[in-house]
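First the structure, in the form of structure tokens, and then the observations on it.
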Amino acid sequence: MDSIPQELIDAIIENVPKSSLLSCSLVAKRWRRKSQRRAFDTISFFFETEVNRWCTDFPHNSDVIPSYVRHLKIEEITSWAEPALLSRMLESLSSLTTLSMHETEIPEELPGLISRGEFGNGITTLYLGFQCYTYATMTSMILSFPNLKELCVEFCEVAPEGPLPTHPVTPQRRPLNSLELRGWWGVAGEALTKSRLTSSRLSLDVEITGIMQLLLASSETLVELKLYGAWFLRVPRPSRDDSN
Amino acid sequence: MVRGFCGSPDRAETIVTDLPDNSEDETPSTIPLRSLPALTTLVISLCGSHPSPCLIKVLCSIGSAPALTSIVIDHSSWESIEDIFFEDPWVGLDKWLSRIARHAEVTGGLPLTLRGWPEGRSIWEGFLSEFRESGEIKVEHK
């Protein structure tokens, strides 16, 4: 086993099914790190109890396994019983680059902690989807990541009323590489407009409010534009009988 | 009817298309974008029978896109629009495409790709006819 070059071991681990990675990690010491890195590259949570268990299993920021995680998906935790859990977990994920929150509440204190640099500096990709946020929560969350490059906000309703973000906002942000905004209801577009975000690639549902301001803000540097123009979302097509 | 304009916003060209009335219309107020100088790729994704009034409004707010080298219209079901392509929203889209194509600086005419086009089906006579005078239509099958 010792005579096998590390490159070959790495190539094997790259190509085995994910379900075999646990077994791979037990083959020998030289197999462990690479197997664990791949196994924990992307982790997903559907219940708060799972997040709680993660925090219990890896209580220290120096734990090795959390440092392998680059992509975090949290789904369907619509309300946190213990909001600090998410902060504790994010704090332990020192290599995290992608945060995806689907149908998941953003704990109130989270954007402030991120913007103060306590964690999340490495996050470059953020996805928020299928959840209702207040204007302050959404803008605070988006603006809290100093190195954000890709942002996708999908079918998020944003309450038009509400306080402004309380933490300091960077006045001039670097343009994003990609901004995708889908779902026509709410005022998510306006919230993003007020966040002064620009991007060289825009994917926009034409029904969103604030679309023109978003386009105008990015007009000088915009390279790729994708417009979703779905008629049926707003106006049911009259039948032939109706039109006669 | 809701009237949309299609032309260079700074020259306020003539209104060219009427859009279907909609009492609940909340289409965005048009802000003239004048120019998108760096824009090279435009993808229009459709999944209904017509381009929406919002889409026409947004497109018509774009004064020019001189660096544009490709436009794609992506539709999940081109078959569903076969009998209604001559109606207003399609005409409005055709006129906008035509104007952009006339002012594009790409050599050989601006290419427009119809993505998801059914295999073995030719393009219907008259479909995007105005654009075809100055640009080239390609198809990309499912």
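The values are calculated or read from the model by the stated rules, or taken from the named source; none is laboratory data. Owing to the predicted nature of the structure, the values given are computational and were not obtained by experimental measurement. For neighbour counting, all protein chains shown are included, and Cβ atoms are generated from backbone atoms with ideal geometry for every residue, glycine included.
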* **Qualifying residues in the stretch A:59-104 (those that are surrounded by 17 or more Cβ atoms within 10 Å (Cβ to Cβ) and more than 16 Å from the chain's Cα centre (by Cα)) - the one nearest to A:Phe130 (Cα to Cα)** => A:Trp80
* Among the listed residues A:Leu202, A:Leu143, which satisfies the condition of being among the aliphatic types (A, V, I, L, M), under 21 Å from the mean Cα position of the chain (by Cα) and modelled with pLDDT of 90 or more? -> A:Leu202
* **Residue that is modelled with the highest pLDDT [pool: residues in the stretch B:57-87 that are farther than 22 Å from B:Leu39 by Cβ and buried (at least 18 other Cβ atoms within 10 Å of the Cβ)]** => B:Trp78
* To do: For the stretch B:97-128, name all the residues that are crowded, with 18+ Cβ neighbours inside 10 Å and over 20 Å from B:Trp78 (Cα atoms).
  => B:Ser98, B:Arg99, B:Ile100, B:Ala101, B:Ala104, B:Leu110
